[in-house]
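The values are calculated or read from the model by the stated rules, or taken from the named source; none is laboratory data. None of these values were measured; they are calculated from a predicted model. Neighbour counts run over all protein chains shown; Cβ positions are idealised from the backbone, glycine included.
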Amino acid sequence: MAIKLVGSLVARSKRKSAPLVQYGSNVPGLDEPARRHPPGVHTQRGSARVCSIVFQSVPNRSRMCVPKVTAPDVTGEPPVLRNGVGVPLDGKTTVRDWLDRWMAGKKTRPTTNRGYQSHIRYHLKPKIGHLRLDRLNVGHLADRFARIADESDVILAENQARREQEQRARWGKPGRPPEKERERPAAERQKLAEMKPYRKANGPATRQAIRRMLRTALNAAIAQQMITFNAATHVELDAAARLTGTACTRSIT
């Protein structure tokens, strides 16, 4: 029995391997289903034969077909999340931090920088400075500009009320007021002192300037691959009134 088993193994080792054929080749003895087998699609037995041939032809066989195993994270630190361009998202950069960093690197004129700093200090930092830069959306900016418009309407109304109060606080006639009329201007001046001083209203032109500045800052953040969307580009604002020029002509005499 042992002699027959050894002989069978020797005969099997001397057996020639089947020749490799291409798709559609006419080889005698090749059955029709195998001849019509589509290229690029292998059966399980054919794939195993190809892998065996390649494995035997490579000198360093110990480095083949060895899956790469990644060592588990034993430090306990959370994985680093990244956006679509591979930039780490730490969730700590706010709008306030980015505007400060952006202004520190600006190389524009001092007058332009003072205007930018005024917009940032009075209109952006107090309301949206705490928001995360990567979570700033169109809704946040639309609400902020709507509040700026409402505050501007309040300022215009307060300025108009102060002008009217100034008119009431004056006597408005030549000479000193008579004795019985002196108490009324004094009371009106007391009311005028309690009113807020004149303030500058932020009209449509100012809101457009704030949006241009913020859009430039967010474009710089996109260039540094910190965000992928500029919310200031898609905010709808009222159009500012354009200045109409007057043509100057010189009459020829």
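Scan region 185-201 for residues that are not charged (D, E, K, R) and not in a helix (DSSP H, G or I) and jot them down.
Narrowing region 185-201 to residues not charged (D, E, K, R): 185-187, 190, 192-193, 195, 197-198, 201.
The answer is M195, P197, Y198, A201.
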Practice item. Could you please give the count of residues in region 109-157 that are in contact with a strand residue (DSSP E or B) (Cβ under 8 Å, 6 or more places away or on another chain) and aliphatic (A, V, I, L, M)? Key: 2
**Study point:** Residue that is surrounded by the most Cβ atoms within 10 Å (Cβ to Cβ) [pool: residues in region 161-184 that are small (G, A, S) and not in a helix (DSSP H, G or I)]
**Key:** G172
Practice item. May I ask you to verify whether L214 is within 20 Å of H119 (Cβ to Cβ), assigned by TED's automatic domain parsing to the domain that holds G139, under 24 Å from the mean Cα position of the chain (by Cα) and at pLDDT 85 or above? Key: yes
Review point. Which residue, of L133, L141, L124, is in the same structural domain as A221 (by TED's automatic domain parsing), surrounded by 12 or more Cβ atoms within 10 Å (Cβ to Cβ), within 14 Å of A217 (Cβ to Cβ) and touching an Asp or Glu at 6+ places or on another chain (Cβ under 8 Å)?
Key: L133
Practice item. Select from region 154-200 the residues that are of a type outside the set (V, I, T) and touching a residue at least 40 places away in the same chain (Cβ under 8 Å) and list them in ascending order. Key: L156, E158, N159, R199, K200
Check your understanding: Which of (1) closer than 21 Å to A240 by Cβ; (2) among the β-branched types (V, I, T); (3) touching a Ser or Thr at 6+ places or on another chain (Cβ under 7 Å) is the odd one out, the single condition I222 does not satisfy?
Key -> (1)
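Please tell me if Y116 is loosely packed, with under 12 Cβ neighbours inside 10 Å and in contact with a helix residue (DSSP H, G or I) (Cβ under 6 Å, 6 or more places away or on another chain).
Working: loosely packed, with under 12 Cβ neighbours inside 10 Å: no; in contact with a helix residue (DSSP H, G or I) (Cβ under 6 Å, 6 or more places away or on another chain): yes.
So Y116 fails the test.
In the list E158, E194, which residue meets the criterion of being surrounded by 15 or more Cβ atoms within 10 Å (Cβ to Cβ), more than 30 Å from the chain's Cα centre (by Cα), among the acidic types (D, E) and in the same structural domain as Y122 (by TED's automatic domain parsing)? Full working, then the answer.
Working: E194 fails: surrounded by 15 or more Cβ atoms within 10 Å (Cβ to Cβ).
So the residue among E158, E194 that is surrounded by 15 or more Cβ atoms within 10 Å (Cβ to Cβ), more than 30 Å from the chain's Cα centre (by Cα), among the acidic types (D, E) and in the same structural domain as Y122 (by TED's automatic domain parsing) is E158.
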Practice item. Could you check, for region 119-134, whether at least one of its residues is free of Cβ contacts under 8 Å to residues at least 12 places away in the same chain, acidic (D, E) and in a helix (DSSP H, G or I)? Key: no
